[in-house]
Amino acid sequence: MDATKFNEKALSNFPVAYYFSAVQAFDKRILAAECALDRFVRMRDEYDRLFKAFDEAYKRTQKSELTEKIRLLDAERDGYAYVIQRVAELWGEKLTDESLAAHGKRVAQVFVDYKFRNREALVAENAKIHNMEQKLAERELVADLQMMGLTELNRRLLNRTEQIEQTMGKRNEEKSDVVVGELKAAREKLDGHYRAFITYLNAVQELQPEESLSKAAQYYNADLAKIDLQYQQSRKKGGKDELLAGEEN
């Protein structure tokens, strides 16, 4: 019987949100597996207990009214940026009078030059907007924004960015060392047991293959591959990761 083994990739390099997704996926798959071996049952139950402890610690680090405030401010900011960029693009694309179209082209080019996307990580988006605002503060571009009626939206774009930065700073201060320490300790205990459990499961698959474990391994390996791909893509593109709630900052 061909046995599928569990991916032994270490999860320790994952940021906390991706780590949580991986250990949650493993918990789900292993609880669904049917294996009567006494050691399997003991290790499965201990893993589930440690995962739940980690889950509780993780949730405590995310319970902040400031997180919701940041999300709302970011949604506003994304709306302002989208309208400014789209209006500028339309002026540049649709107006046949080049003296008018030029206003839109110059402003739209700023978004292109800085490769602006409104689905980036908060810190990356903050930095990009500040850099763009330095460019948009040039005399010609100030006049372009005014001509297109975008001056107020651009003011609000910068204002919301500054509010987001201030609120993120307050949120960082709000997270006590005690709560963060609890999360670190819970993660270390879970990770140690996870690695030992994976080693045991693959030994079973080597010596005494279990069809139910092969199925669990297939599902979990697919889960882990997807999570790892999302993580790698977020690193390359600066994706708004972490699902805001998963940010460690």
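Summary table below
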read-out	value
Full-extension gain in nm, Thr199 to Gln146, via 0.36 nm per residue minus C-alpha separation	12.6 nm
Alpha-carbon centroid distance for the pair the stretch 115-132 / the stretch 180-216, whole angstrom	39 Å
Anisotropy class of the chain from Cα gyration tensor, a/c 1.5 cut	prolate
Residue order, fewest to most beta carbons within 10 Å, for Met132, Met147, Met43	Met147, Met43, Met132
Cα-based helix-to-principal-axis angle, 151-174 vs the chain, degrees rounded to 10	30 degrees
The stretch 65-174, relative contact order in percent, only Cα pairs under 8 angstrom and at least six apart counted	38 percent
Cα long-axis angle, helix 211-237 against the chain (0 to 90 degrees, to the nearest 10)	20 degrees
Rel. contact order, % - alpha carbon contacts under 8 angstrom, at least six apart, the chain	42 percent
Cleavage-rule hits (GluC sites (Glu not before Pro)) in the stretch 135-167: DSSP loop, at most 12 neighbouring Cβ within 10 angstrom	Glu138
Set Lys184/Lys236; Lys215/Lys236; Lys9/Lys236; Lys9/Lys170; Lys9/Lys189; Lys69/Lys226 screened for pairs whose C-alpha atoms are more than 24 Å apart	Lys184/Lys236; Lys215/Lys236; Lys9/Lys170; Lys69/Lys226
FRET E, pair Arg119, Gln24, Förster distance 41 Å, beta-carbon r, rounded to 0.05	0.95
Global geometry of the stretch 65-174, whether rounded, prolate or oblate, following the gyration tensor of its Cα atoms and the 1.5 cut on a/c	prolate
Nearest 10 degrees, 0 to 90: helix 16-32 Cα axis against the chain principal axis	40 degrees
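Read-outs: derived from the displayed coordinates by stated rules, not from any lab. Since the structure is predicted, the reported quantities are computational estimates derived from the model, not experimental observations. All Cβ positions, glycine included, derive from the backbone under ideal geometry; neighbour counts span all protein chains shown.
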